[in-house]
Amino acid sequence: MTDLLKLLDLTGDGITHILDTADFLKKEWKQKRKHDFPAGKTLAMIFSKNSTRTRVSFETGIYQLGGQGIFLSNADSQLGRGEPVADTARVLSRYCDGIMIRTFAQSEVEAFAEYADVPVINGLTDDFHPCQVLADLQTIRERKGKLAGLRVCYIGDGNNMANSVAVGAIKCGMSVALACPEGYRPLPQVVAYAQSAGDFELTADPRAAAKGADVIFTDVWASMGRESEAAARRDAFRGYCVDDAIMSLAGKDCMVQHCLPAHRGEEITEKVFEEHAAEIFDEAENRLHAQKAVMYLLMR
């Protein structure tokens, strides 16, 4: 692994290696032990989209590894004034040991990786959210003791989370059911991969998808940049709320995962969210540990 652009680029063993490293680093952090990551590494952190968890977890993570994060919004760099990605990537490669980017187009992250001479990490695009799903898989494995053989259900928009959940779960030997309305389906390349590589179901019926699930995922109905579609999406996603009726169809001890922020009363009820808050905030914490693992493996 030279970059982390999307989970489609990794093998199942590659994902497991990241998760094992994340578990190791989390244990070391909890026990306040030192590690062998070289001191003084710098991570350029480019944000075209606002963030809470991505920024704080990456900035804290590189600090805990003994390095420093450099925050760059569009207003803080020449990207905001139209400098080509290729030029920015080549310049940052001369200064920094890694580049993390949270942006809209997946093609922008791919272009950074093409022109940079240092590792590039996808902090989120409209198509994929690999770091989040690595944290999710770490959380599920911590709580369930395994990944292979579990049934994963995702209910909601076929967005970057749906794409990454489907790929990551199947690569780890899990079965996957996605429930998305017509017109809000995952990327065709993701559906094609999932259908060819594992036990995968794509349906418009959230109740069918939830049946027997060990883990239920959901996400906001209008992702960042889609706010103008919020009203239309509320109509399209009526019946896709993770509520008591949905949870009653899931398997015993079913987990709930939400990448946050959550819109209680839309994609998930307040009651279900709070009943599964410990799992959801473990998931949020594991962004720190999973991303430290990615940086440790790529930048060491």
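The values are calculated or read from the model by the stated rules, or taken from the named source; none is laboratory data. Note that the structure is predicted; figures quoted are calculated from it, not measured. Virtual Cβ from ideal backbone geometry, glycine too; neighbours counted across all protein chains shown.
What the table shows:
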{"read-out": "Residue 43 within 29 Å of residue 225 (Cβ to Cβ) and in contact with a Phe, Trp or Tyr (Cβ under 9 Å, 6 or more places away or on another chain)", "value": "yes"}
{"read-out": "Which numbered condition residue 213 misses (of (1) in contact with a helix residue (DSSP H, G or I) (Cβ under 7 Å, 6 or more places away or on another chain); (2) within 17 Å of residue 143 (Cα to Cα))", "value": "(1)"}
{"read-out": "Matching residues, the range 223-277, being touching a residue at least 40 places away in the same chain (Cβ under 8 Å), over 26 Å from residue 290 (Cα atoms), charged (D, E, K, R) and assigned to a loop (DSSP other than H, G, I, E, B)", "value": "266"}
{"read-out": "Qualifying position, being part of a strand (DSSP E or B) and either touching a Ser or Thr at 6+ places or on another chain (Cβ under 6 Å) or modelled with pLDDT under 95 (or both), among 69, 80, 123", "value": "123"}
{"read-out": "Any hit, the range 87-104, residues being surrounded by fewer than 21 Cβ atoms within 10 Å (Cβ to Cβ), small (Gly, Ala, Ser) and either outside any loop (DSSP other than H, G, I, E, B) or outside the structural domain of residue 153 (by TED's automatic domain parsing) (or both)", "value": "yes"}
{"read-out": "Which numbered condition residue 51 misses (of (1) under 17 Å from the mean Cα position of the chain (by Cα); (2) part of a helix (DSSP H, G or I))", "value": "(2)"}
{"read-out": "Matching residues, the range 27-86, being more than 27 Å from residue 283 (Cα to Cα) and hydrophobic (A, V, I, L, M, F, W, C)", "value": "39, 75, 79, 85, 86"}
{"read-out": "First in the range 42-70 and over 17 Å from residue 96 (Cα atoms), second anywhere and assigned to a strand (DSSP E or B) and among the polar types (S, T, N, Q), Cβ under 8 Å, 6 or more apart", "value": "48/73"}
{"read-out": "Residue 40 being in contact with a Ser or Thr (Cβ under 8 Å, 6 or more places away or on another chain) and of a type in the set (Gly, Ala, Ser)", "value": "no"}
{"read-out": "Selection from the range 161-200 of residues that are among the small types (Gly, Ala, Ser) and in a helix (DSSP H, G or I)", "value": "162, 164, 166, 168, 169, 192, 194, 196, 197"}
{"read-out": "Pick from the range 144-173, criterion surrounded by fewer than 24 Cβ atoms within 10 Å (Cβ to Cβ), in contact (Cβ under 8 Å) with a residue 40 or more places away in the chain and touching a strand residue (DSSP E or B) at 6+ places or on another chain (Cβ under 9 Å), ranking: nearest to residue 238 (Cα to Cα)", "value": "151"}
{"read-out": "Residues located in the range 115-143, provided they are free of Cβ contacts under 8 Å to residues at least 60 places away in the same chain and hydroxyl-bearing (Ser, Thr, Tyr)", "value": "115, 125"}
{"read-out": "Odd one out for residue 96 among (1) more than 19 Å from residue 299 (Cβ to Cβ); (2) hydrophobic (A, V, I, L, M, F, W, C); (3) out of contact with any Asp or Glu (no Cβ under 8 Å at 6 or more places or on another chain)", "value": "(1)"}
{"read-out": "Qualifying positions in the range 207-222 - part of a loop (DSSP other than H, G, I, E, B) and over 17 Å from residue 159 (Cα atoms)", "value": "211, 212, 213, 214"}
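Matching residues to (1) more than 21 Å from the chain's Cα centre (by Cα); (2) surrounded by fewer than 20 Cβ atoms within 10 Å (Cβ to Cβ); (3) not assigned by TED's automatic domain parsing to the domain that holds residue 49:
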| residue | (1), (2), (3) |
| --- | --- |
| 186 | no, no, yes |
| 190 | no, no, yes |
| 213 | no, no, yes |
| 226 | no, yes, yes |
| 235 | yes, yes, yes |
| 243 | yes, yes, yes |
| 249 | yes, yes, yes |
| 252 | yes, yes, yes |
